[in-house]
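Taking it in order: structure first as structure tokens, then the write-up.
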Amino acid sequence: MISPEKKVEYRIIVIDDNPAIHEDFRKILTPSSESDAALEDMESLLFGEESRKDTENRFELVSAYQGQEGLEKVVRAQEEGRPFSLAFVDGRMPPGWDGVETINRLWQECPELQVVLCTAYADYSWQEIQEALGKNDSLLILKKPFDNVEVLQLAQALTRKWELNREIQGRLNKLAFYDHLTGLPNRVLFLDRLESALSLSQRHQHAGALLFIDLDDFKRINDTLGHTVGDEVLKVMAERIAESLRITDTVSRAPVDETAARLGGDEFTIILPEISHHDQAAMIARRIGEHLAEPITIGGQRLLITASIGISIFPDDGVDVETLLKNADLAMYCSKNTDQGDFKYYQDSMNAAALRRLTIENQLRRAVSFGELQLHYQPQVELSSGNAVGLEALLRWESSELGNVPPCNFIPIAEESGLIVALGEWVLRTACGQVQKWRESGLHIERVAVNVSVKQFMHPDFVGMVERILQETGLPPHCLEIEITETLLARDTSNISELLEQLRALSISIAVDDFGTGYSSFSRLKEIPIDCLKIDRLFVNGIEEGANNQAIICAIMAMAEGMGLRVIAEGVEKQQQIDFLSDKHCQEAQGYFFRPPLPAADIEQFLRRNNTQ
């Protein structure tokens, strides 16, 4: 019996029907008396003086007297996590399996086991052994009667080889199945474990859950702070996910390294192999979301990062990997679009919404070539004179298959799919061309305002594209006003000011749309070259509701006056709103009070009447 205080590095099993052989192996491999000093001397000559210090603790020997008994002990050792590294197997062990049969059975259960076949000269030929066991570098032959030094040499060399093989295999497994950045299981291992969890769920008739986690606005971190900071953020997020699971692993009923995974990018998943009720998944999702949202400081930057989480329950939401993953992803997507930083369970209605989104995207791709898009124009009116001094171009889509699709339904999809760049270019070219035709026909139009999305504005060729369109259409640059969103100003991107300066150098004016609802600070506003602020309709519609909205409008007007900016009020519908805005010296307004957005032919008639008044 090995003392628990002793460090045992390698376990060796001796399978032989002769008890005396077991005693011989014990004396050679576990010397414990002065009478064994000669053996220690031989080992030190073979392997150096260091081997003398730890020979006694290097090996633990286990005996088996028949091949079947040996197999049972090897299998049990594997299950207990204390595998054997080496087996000495006798060639003949009547009445049971012989040595070759025993080795064949051992390798079926434990392929990495190193084996020494102990055989008399007449037992087997090498050709017979190879025919029975195949060519294998884990097998060596020890002819009887054997020498003590041979046994020591084989034990030392083969156990160290077994250890090295395990280390190499461990590194290969880590490269193949684990994410190199976070250390979490990768997509390959995740899919395998999800398959196993689904099989167990079906076999034992219990429920489980899949959580799909996506960091909100992570691309902005890479774009603004660089991929090095982005990688550090991903490491912290992975650690926080693991920490959150350790707190609740009694619920998940599986070790952390078997449940959490990184699929790639900023996407993570968690498998909860067994839950007793659906609320347990919500509890873990909420804990993870709260932990991820705690501030972190990386590279001197204090960051607040939230995550959107989708939950699918198996078997209710799917009995195969593909369906379950797709539904969890759909739930995450819905959470991101409605309540960033929160979680949602999958619902059947999400599939209908996803199908409609896919249909819209597919139809939108053909809308330009099929002539389904058109521009409507809404006049911008000077309050002091009542004259239309500008137009805002607004995109409309009448689909042959879907009917009239509101901009609020298709613009976000165009943004997410990247179609917004091509659509934006079409809008700009169409608006500039139409206004120039009107100007050439004698209509006086000071400017046309065109909305530009963040993705379109940040496109590398945006300024060049604007310049080419102005040259193609002949519209004077001072007649074009680019409307950007306030959220663009909140971006900490150094080249935004540079891009705006390039547009201003072309004599193009810049307006900030929906001002007051975004996240830009006054200090940021004064650093950026702009010409106009457009007060969001939310504040204009609230003029009659009380002093708060009126105070906000007054503050915007005062700030704009101090900065020399023009102001346009959006969404004007009532005379009372006109009276208040005029009293506060707001220069311009647009809204249904004057005209709704109209097709080109209708707005032309309005402009001609307006010009003759």
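Ignoring ligands, DNA and RNA, please state the percent of accessible area on region 115-165 from carbon and sulfur, probe 1.4 Å. Walk me through the intermediate numbers first.
On the way: 1400 of 2730 Å².
That fraction is 51 percent.
Phi angles of region 71-78 translate, via the Karplus equation with coefficients 6.51, -1.76, 1.60 and θ = phi - 60°, into HN-Hα couplings of 4, 4, 5, 5, 5, 5, 5, 4 Hz per residue; Gly and Pro are given as x. Converting phi to 3J(HN,Hα) with the Karplus coefficients 6.51, -1.76 and 1.60 and the offset θ = phi - 60°, region 589-595 yields 8, 9, x, 5, 4, 9, 7 Hz in sequence order, with x at every glycine or proline.
Calculated from the structure at hand, mean projected area of the Cα convex hull in nm² is found among (i) 29.9; (ii) 37.4; (iii) 40.8 as (iii). The Cβ shell under 13 Å around S312 holds other residues with a net charge of -4, Lys and Arg each +1, Asp and Glu each -1.
Multiplying the sequence separation of A558 and V368 by 0.36 nm and subtracting their Cα-Cα distance, what value in nm do you get?
So the extension gain works out to 64.1 nm.
Quick check: Cα centre of region 521-597 to Cα centre of region 313-339, how many Å? Comparing the Cα centres of region 521-597 and region 313-339, I get a distance of 43 Å.
Bridging of K135 to lysines at a Cα separation below 30 Å is possible for K73, K143, K144, K161, K174, once same-chain residues fewer than 8 apart are set aside.
With a simple spin-label model that places each label point 7 Å from the Cα along the Cα-to-Cβ direction, the separation between Y592 and E243 comes to 5.1 nm. What distance in nm separates the two pseudo spin-label positions at K143 and E23, each 7 Å out from Cα along the beta-carbon direction? Result: 2.7 nm between the two label points. Maximal additional length on extending the R82-E128 stretch stands at 13.3 nm, based on 0.36 nm per residue less the C-alpha distance.
Nearest 0.05, what FRET efficiency do D583 and E440 give at R0 = 51 Å with Cβ-Cβ as r? The formula returns an efficiency of 0.85 here. For region 246-372, the C-alpha radius of gyration sits at 1.26 times the compact-globule guess of 2.2 N^0.38 Å, with N the residue count. Of all DSSP beta bridges confined to the chain, the antiparallel ones make up roughly 45%. Between L181 and A354, the FRET efficiency from the beta-carbon distance, with R0 = 30 Å, is close to 0.50. Multiplying the residue separation of N337 and Q169 by 0.36 nm and removing their Cα-Cα distance gives an extension gain of 56.1 nm.
Projected label points at R609 and A293, each 7 Å from Cα along the beta carbon direction, are separated by 5.2 nanometres. Dividing the summed -39500 (n - 2.57) terms of all DSSP H runs of n ≥ 4 by the residue count of the chain sets its mean residue ellipticity at 222 nm at -16000 deg cm²/dmol.
The values are calculated or read from the model by the stated rules, or taken from the named source; none is laboratory data. This is a predicted model, so every value here is computed, not measured. Because the Cβ atoms are built from the backbone with ideal geometry, glycine has one as well, and the counts that use them run over all protein chains shown. Ligands, DNA and RNA are stripped out before the accessible areas are found, and what is left, the full protein with its side chains, is counted by its heavy atoms. Shrake-Rupley method; radii C 1.70, N 1.55, O 1.52, S 1.80 Å.
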